[in-house]
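Presented below is the structure to which this report refers.
The values are calculated or read from the model by the stated rules, or taken from the named source; none is laboratory data. It should be emphasised that the depicted structure is a prediction, and the values quoted were computed from it without experimental measurement. Counting neighbours? That spans all protein chains shown, and the Cβs are built from the backbone with ideal geometry, glycine included. Areas reflect the complete protein model, heavy atoms only, side chains present, ligands, DNA and RNA absent. Shrake-Rupley method; radii C 1.70, N 1.55, O 1.52, S 1.80 Å.
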Amino acid sequence: MSLWLACRGLDMALMPVDPGTPTSEIAALAGRFGATVAILPGSRPGVDELGTATPFDGQLVAVNVANAVPAPEIYRGAAALKVTSGTTGLPKATFTREAQLVEDAAHIATALDIRPQDCQIAVIPISHAYGVGNLVMPLLLQGTAVVLREAFIPQQLHADATEYEARVFQGVPFMFAHFANNPNAIPWPRALETLVSAGAPLDPVTAMAFARTFGVKVRSFYGTSESGGISFDDSPQVDVAVTVGRPIPGVTITLRPEGGAPIDGGRVHVAGAAVSSGYAGQAPADEAFTDGGFLTGDFGRFDAWQRLILTGRVSSFINVAGKKVQPEEVEQVLRSMRGIEDVRVLGIADAVRGEQVVACVVAERNGMSAAEVRRFCATRLAAYKIPRTIVWLERIPLTERGKTDRAKLETFVREHLDWRAESRVL
């Protein structure tokens with residue numbers, strides 16, 4: 001928080017990244033966006049490989065990134081470069097001005113009824129757009145306190161909520177699924193009444209089970225890095241079909257017809273003063289930023305009460321416990337590994353984390369192990385991007401038009417997972 005304020009005092013842009021981001025990935029981001037300084041924990045492995053480190057503030061170091069080329073034209077006028085997978089290709093970063101951050105935070109605080117005197121439980125990464133808009137900015141703008149924890153520990157959450165009388169909990173679906181699937185004798189903290197789920201669709205079964213067990217509704221929030229907050233479900237009833245609610249103040253949602261969209265819906269377009277100015281370093285302007293707003297990668301429709309229901313994705317993101325993984329990024333890393341001839345990465349449903357990353361690999365030699373692949377990825381990708389399942393193939397299946405046959409790939413993956421499950425039972 002203090003680092004962000006210091007950057008604002010110097011009119012510098014800040015690019016928040018996860019603490020678990022590998023040093024090589026930080027170096028790649030720095031090189032791509034012209035960042036010359038990285039602030040990291042001094043105890044972090046690989047700091048010296050990134051550049052010259054200067055200790056400060058006890059536990060942190062400021063690293064002058066080696067071979068970094070300043071690119072002030074990319075971030076001049078920006079307050080935040082929010083890393084996002086965009087709609088295709090490698091990760092991008094939004095060009096977000098201070099006024100847009102402030103506008104977004106004001107809209108979110110109003111829609112979610114986040115008050116200055118409130119206390120929020122913070123176990124989602126504050127480096128993500130969700131954490132920035134819903135936790136960091138309410139604290140900086142109106143003094144709404146947060147209880148910061150590095151990870152989601154269910155027992156700790158109960159203790160924190162009780163000790164600090166927290167009223168708001170910003171979470172992701174798998175956290176609420178854990179409580180719904182593991183009810184115990186500990187009653188839900190009395191003051192913790194505003195429960196927000198974002199980052200991935202909330203399963204209606206989870207929502208209903210949670211409400212039935214604890215007597216509190218989990219409310220869906222919808223937003224993107226590019227647009228900020230979009231909609232929030234403020235209705236009192238728990239529905240069979242979970243909606244992401246109505247537009248938050250200052251936001252206009254329109255559904256644009258497009259192939260693959262539902263007949264009674266379309267692709268979600270968001271307009272408002274909180275929408276970012278575009279992607280940093282992108283020229284000409286990205287086609288997703290159009291008509292005074294942002295064209296998301298989501299399909300949706302409105303129900304009879306004009307609440308938005310998301311029905312699918314335009315792009316091929318893999319959603320791992322609320323964190324988005326772009327398959328192309330993982331494929332690029334795997335193709336750089338000696339011995340891998342070809343690879344395709346896809347997401348498969350996972351009962352705990354929503355989806356898991358699966359790599360379908362064609363190897364040049366026999367005997368390459370899944371452990372080798374994961375070790376290679378561990379130094380180049382964040383932990384949640386590392387494939388949990390490796391499927392070995394003789395060749396990547398193609399359609400008659402020469403494109404990847406994703407239906408066959410998914411069949412191979414399901415057969416592999418079924419075989420592995422049967423082997424464990426036997």
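Scanning region 372-412 for residues that are among the β-branched types (V, I, T), out of contact with any strand residue (DSSP E or B) (no Cβ under 8 Å at 6 or more places or on another chain) and closer than 16 Å to I340 by Cβ yields a single hit, T379.
If you go through region 103-135 and pick out every residue that is under 22 Å from L3 (Cβ atoms), open to solvent by 30 Å² or more (accessible area, probe 1.4 Å) and assigned to a loop (DSSP other than H, G, I, E, B), you end up with 3. Across region 250-275, what is the total count of residues that are part of a strand (DSSP E or B) and either in contact with a Pro (Cβ under 6 Å, 6 or more places away or on another chain) or within 18 Å of R301 (Cβ to Cβ) (or both)? Summing the residues that are part of a strand (DSSP E or B) and either in contact with a Pro (Cβ under 6 Å, 6 or more places away or on another chain) or within 18 Å of R301 (Cβ to Cβ) (or both) in region 250-275 gives 11.
For region 360-383, filtering for residues that are buried (at least 21 other Cβ atoms within 10 Å of the Cβ), over 20 Å from the mean Cα position of the chain (by Cα) and not β-branched (V, I, T) leaves 1. The residue of region 12-44 that is least open to solvent (accessible area, probe 1.4 Å), among those that are within 13 Å of A66 (Cα to Cα) and touching a Lys or Arg at 6+ places or on another chain (Cβ under 8 Å), is T23.
Conditions (1) touching a residue at least 40 places away in the same chain (Cβ under 8 Å); (2) farther than 24 Å from G9 by Cβ; (3) of a type in the set (G, A, S), marked per residue:
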| site | (1), (2), (3) |
| --- | --- |
| A71 | yes, no, yes |
| I74 | yes, no, no |
| A78 | yes, no, yes |
| R97 | yes, no, no |
| T110 | yes, yes, no |
| D113 | yes, yes, no |
| A129 | yes, no, yes |
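Restricting to region 390-420, give me the number of residues that are at pLDDT 90 or above, in a strand (DSSP E or B) and open to solvent by 40 Å² or more (accessible area, probe 1.4 Å). Of the residues in region 390-420, 1 are at pLDDT 90 or above, in a strand (DSSP E or B) and open to solvent by 40 Å² or more (accessible area, probe 1.4 Å).
When the residues of region 45-76 are filtered to those that are surrounded by 13 or more Cβ atoms within 10 Å (Cβ to Cβ) and of a type in the set (G, A, S), the one that is nearest to Q100 (Cα to Cα) is A71.
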